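Report on one structure; see the data block that follows.
The values are calculated or read from the model by the stated rules, or taken from the named source; none is laboratory data. Note that the structure is a prediction, hence the values are computed from the model and not measured. Glycine also receives a Cβ, built like all others from the backbone with ideal geometry; neighbour counts cover every protein chain displayed.
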């Protein structure tokens, strides 16, 4: 007679039956697998969170920012076009651009002070989008929203020199710029990326034209671009800003922090692969060990099933299904434990929670593959037992 064939549902039922009848051993075995997968998630998630925190710090140092200005080594510097910031924004990889210009105006805390003794603080006309381009933040108040009003925002150092530490709605300070009062609407946080802005008073572009006699030509153009294209943007930026004399436009080189950031990314990638491989190996050894012991303990059961007509394929499929189910259950539990562990550790260190997406999907997939490979040998070994060998086992 032709032996009966087991459907996938029958195999699944047999595999689940083997686990449910040995709940303590199955739970301990699944726990071992869960710890292996949780280790994989943790050892990739924690370094990834640490890496993201480090990369954010390096990005704040200007890894993707360039600064262009007329070359200072000439007696009569060229004038950048009035629309220089908009011209730079047309470069494909550029994500943000802004310009500032020295108005050559003087700023004083009061109109009663002698203009000759005014503080050495530059008054810069600022185009929209400056803070986004230079990674700046407002510490108090707000930034310039409409460049036509006589309002100013103080850099961190300039605010300290003028004695204005913060801005309140009920007591709005003012400074005397040129020959009229300007309302202070904001104070900036420290900006190590742009120390010249820290020491300056920022005025809206149109207000500088109307009130301070500004001619509209920027003196510095800031550009933020995609990091992988920062060198290409630097190469074409002079010709973009001033096609007639690109050689007279000076562009800063990419920050040294960019090289450090790229080296960090490469080293962490290798670390992720190594740690994940070790964790999977530990989990696979645990599954294989569990299934081999299960075969040794259940030799009488195997012999009885063979005597009742079960084929080698039935036995092989049963033990292989048990191994896969055990691994999937442990993998699911381990993935959850790993995510919770990463989230808790990142919260303690004030890091962003980052878990590589391949890790989440790979946790279950890796458990499935490892379970199948680890259960393959024990299932083949169980299938090779003849009924007499299995029933005669002590």
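Numbers at a glance
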item	result
Whichever residue in the range 122-142 is farther than 21 Å from residue 217 by Cβ and touching a residue at least 60 places away in the same chain (Cβ under 8 Å) and, among such residues, is surrounded by the fewest Cβ atoms within 10 Å (Cβ to Cβ)	132
Condition check for residue 383: assigned to a helix (DSSP H, G or I) and either surrounded by 22 or more Cβ atoms within 10 Å (Cβ to Cβ) or at pLDDT 70 or above (or both)	no
Residue list for the range 159-180, restricted to those being exposed (fewer than 14 other Cβ atoms within 10 Å of the Cβ) and either in contact (Cβ under 8 Å) with a residue 40 or more places away in the chain or within 14 Å of residue 131 (Cβ to Cβ) (or both)	163
Subset of the range 88-104 [crowded, with 22+ Cβ neighbours inside 10 Å and within 23 Å of residue 153 (Cα to Cα)]	97, 98, 99, 100, 101, 103
Any chance residue 38 is assigned to a helix (DSSP H, G or I) and either at pLDDT 80 or above or out of contact with any strand residue (DSSP E or B) (no Cβ under 9 Å at 6 or more places or on another chain) (or both)	yes
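Condition check ((1) surrounded by fewer than 19 Cβ atoms within 10 Å (Cβ to Cβ); (2) more than 15 Å from residue 70 (Cα to Cα); (3) in contact with a helix residue (DSSP H, G or I) (Cβ under 7 Å, 6 or more places away or on another chain)) across all residues:
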| residue | (1), (2), (3) |
| --- | --- |
| 208 | no, yes, no |
| 211 | no, yes, no |
| 217 | yes, no, no |
| 224 | no, yes, yes |
| 235 | yes, yes, no |
| 250 | yes, no, no |
